[in-house]
Each structure stands twice: as C-alpha cells, then as structure tokens.
Amino acid sequence: MSPLGGRPTLTRPAQPARNGAALLDQLRAALVRYVILPTPEAADAVALWIAATHAQPAWAHAPRLVIRAPEKRCGKSRLLDVVEATCHEPFITVNSSPAAVYRSITDDPPTLLVDEADTIFGPKADANEDLRGLLNAGHQRNRPAKRYDAAANRVESIPTFAMAALAGIGAMPDTIEDRAVVIRMRRRGPGETVAPYRHKRDRPPLRALAGDLALWLRADLPTLETAEPAMPLEDRAADTWEPLVAVADHAGAHWPDRARVAALALTAEADDNDQTSTRVRLLADCRTAFGTDTALPTAVLLERLKADPESGWADFGPTGLTPMKLGTILREYDIRPATIRFPHGQAKGYHRSDFADA
C-alpha cells in the first residue's frame, strides 16, 4: 500500500544513480533549442511539468499545462511537439473518441496531449462535453466518471486522473486555467531564432532523455509520494505547482529556487491577465442592456446582448445565446424569468431589480 493510500507504488530494478539537476538542465536546453518561450521562468516551468509527468503515480493532483497564443504561428504546436517527445507515455487526443480516452487512463496514466484545444472548449463545441468533463475532473485523484454498463447491469467507475497539456488560441475556461501552469506564447521577435524540429531526426534523442527522466524519478516514487515541499503559494495554486516544486527539490542544485521563482512569476502573470468569467460578464452586459428600462422581454434582452459584436453573445453556441442558456446561467444567481405585462401584452422577461443583489 502506498503512503497516501490507493495510489500505486511502482518498483523498479536498481538503476545507476542519476543527476536529476543535470537532466532538468538538459531538458530545459532542449526546450529553448526548438521553441522561443516568453520568459526564462516559463522555460523552467515547462521543464518541471514534463519531468513531473514521469512520476504521476506519486502526485495527489495532476496539473494541466496550458499553452495558449493570441494568434497562429506563435510556436504553441512546436512546443507541444517537444512536450510529446519528452513526457511520460504521450497520448494525443486528436480525433480520439471520449470512450477511447477514458479507457486509456489507468492507475499509471499516460500524459494527455490536446492540440487546438480551443475547438473543444469554444462556444460551438457542444459535442465534446465528455472530454471537457474528463479534463475538468482529472486534476484530482478519486474523481472517477460514472457510467452505466447495460450489458453487465452495473455502474462502472472510470479513472480520470491524468496530467494533460492543452494548446490553443486564446484563453481556456476558468475550470482549466485555475488548475494549470499557463504559458502565453508569442511570435518570435527580430533576431530570435530556433533550431528546426524534425520528427524523424530529433524525436529519438528526446525520447532517450524521457527514458532517463523516468529512470531517475521512478526509482524514488515512495520519496516523492510523501514529499511536502515548502510552497510559495496557497490553495489551488499550491496544489497545481506542488508536483513541480517536489521534482525541483528532488533534483537539488539551483532548481528548488528556480521552481519557486517560476511559480510566483507565472501565478502573478495569470492573476494580472485573469479574464472576467462568463457569468460575471453576462451580469454586467445585462445591466448595460436594461439601460433605463425596469423590465425587458427575454427576446429583447437577448437582442440587445447580441447586438454588441464585441460581447461574443451572438456566437455563444451554434445559434448564439438562447433563452434556455440565458436562463441556465442566471439561475445560478437565483434570477429567473417571469411573466410580465408590457404595453404590447404579456411576455416572459426579466426585471432589472432582480439583478441588483447579484
């Protein structure tokens, strides 16, 4: 039984001692050889995240790596290529069915890699609900998905715990980025150059490096399982960064300090760039839409919300924001439509006063 209960403690034959700090240095050098990362702290964070994938059975939380860019040609897909070559058992989810992804997750899970993740989480991605649920739930242990097996007449518990890297244009949902190390890519500036990445030529030595990382970390899973590193962060951010800091402490040399500097820098950057949630933005836009009116029919409220091209409500879902979706979001704030008498007759709508408390 593992020290934390329920997690597998894997054993391996004795291996020669490996210099963890040197391996992390080598991994970081490979990253910056092929990709321009936005800051030195971002390079440190990605290297530590990749290393942490090789010790997933030791962790209580599976941090996500979000690689986001404001536009194309910012290097996000190339960074995902290097992550794929150096992480633990990469599982690329492009065109994979949710059932195949779920069934691939075991007590020693692969590393999920999702390119063009904005198509999974965007407003027109209704078909990917199962995959979104997996990526949201799999950050923490003991959050299995429940499925009914009609043939066996029983409910199955399917593991969801797995580290995942997601690359895409723009921000990911709060439920993902709050549990992620977020890397904001940018286009190369004048004079910035990288080596071309050739899969056939460059991936084999990177996979050899991945093997060395695995041998180093897998030999010490019991130690990593019980590690309680001093964290510069609190709450969910500490949960997300703890595996990375634990790897850095295990490596020693300059890595413990660099890990904590990276954690503080990238968390502060995320706080500075935090976007207003969809729900709060909808409340604010509704307040603007009412203007001086004390009540509005639902149809008129939606018309005003979608009239602003910058708001995004016209593209919220396949047909834009609908009365049902509007009602679902507002219901979280105990705001519900009512039958209201207007000069032109009765209609379902909302009172402006209902929004005051929210």
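Which lysines, if any, have their Cα less than 27 Å from the Cα of Lys146, not counting same-chain residues under 8 positions apart?
Reachable lysines: Lys124, Lys325.
Peptides 52-58, 36-42: what's the order by average Cβ count within 10 Å, highest mean first?
52-58, 36-42
With a bin width of 10 angstrom, please list the P(r) values of the chain as percents of all Cα-Cα pairs, from the 0 bin to the one holding the largest distance.
5, 22, 28, 21, 14, 7, 2, 0, 0
Long-range amide H contacts for His139: which residues qualify at under 5 Å (H placed 1.01 Å from N, peptide plane, sequence gap of 5 or more or a different chain)?
For His139, whose amide H was placed from the backbone, there are no distant partners under 5 Å.
Output ³J(HN,Hα) for the range 20-27: one whole-Hz value per residue in order, computed from phi by the Karplus curve 6.51 cos²θ - 1.76 cosθ + 1.60 with θ = phi - 60°, and x for Gly and Pro.
x, 4, 5, 5, 5, 4, 5, 5
Rounded, prolate or oblate: which fits the range 98-186 when a ≥ b ≥ c are the square roots of the eigenvalues of the alpha-carbon gyration tensor, with rounded for a/c under 1.5 and prolate only if a/b beats b/c? Before the final figure, lay out each step's value.
Working: a/c = 2.41, a/b = 1.73, b/c = 1.39.
Cα axes put the range 98-186 in the prolate bin.
Once amide H atoms are placed 1.01 Å from N in the peptide plane, what residues at a sequence separation of 5 or more from Phe316, or on another chain, have their amide H within under 5 Å of its amide H?
Sorted by chain and number, the residues that satisfy this are Leu321.
³J(HN,Hα) across the range 311-318 via Karplus (A = 6.51, B = -1.76, C = 1.60, θ = phi - 60°), whole Hz, x for Gly/Pro?
3J(HN,Hα) across the range 311-318, in whole Hz: 6, x, 5, 5, 10, 7, x, x.
What are the radius of gyration and Dmax of the range 278-355, computed over its Cα atoms and given in Å?
11.8, 32
Which order do Thr267, Thr328 fall in if you start with the one that has the fewest other Cβ atoms within 10 Å? Can you show the working numbers first?
On the way: Thr267 18, Thr328 10.
Least crowded to most crowded, the residues run Thr328, Thr267.
List the residues whose amide H sits under 5 Å from the amide H of Ala145, counting only those 5 or more places along or on another chain, with H placed 1.01 Å from N in the peptide plane.
Here Ile158, Thr160 satisfy the definition.
Cross-link candidates for Lys200: which aspartates and glutamates have Cα within less than 15 Å, leaving aside residues fewer than 8 places away along the same chain?
Result set, ordered by chain and number: Asp81, Glu84.
Under a plain spin-label model, where a point goes 7 Å from the Cα along Cα-to-Cβ, how far apart in nm are Ala268 and Arg236?
Distance between label points: 2.2 nm.
The numbers here are math on the coordinates, done by the rules we state, and not lab data. This one's a predicted model, so the numbers in the text were calculated from it and none came from an experiment. All Cβ positions, glycine included, derive from the backbone under ideal geometry; neighbour counts span all protein chains shown.
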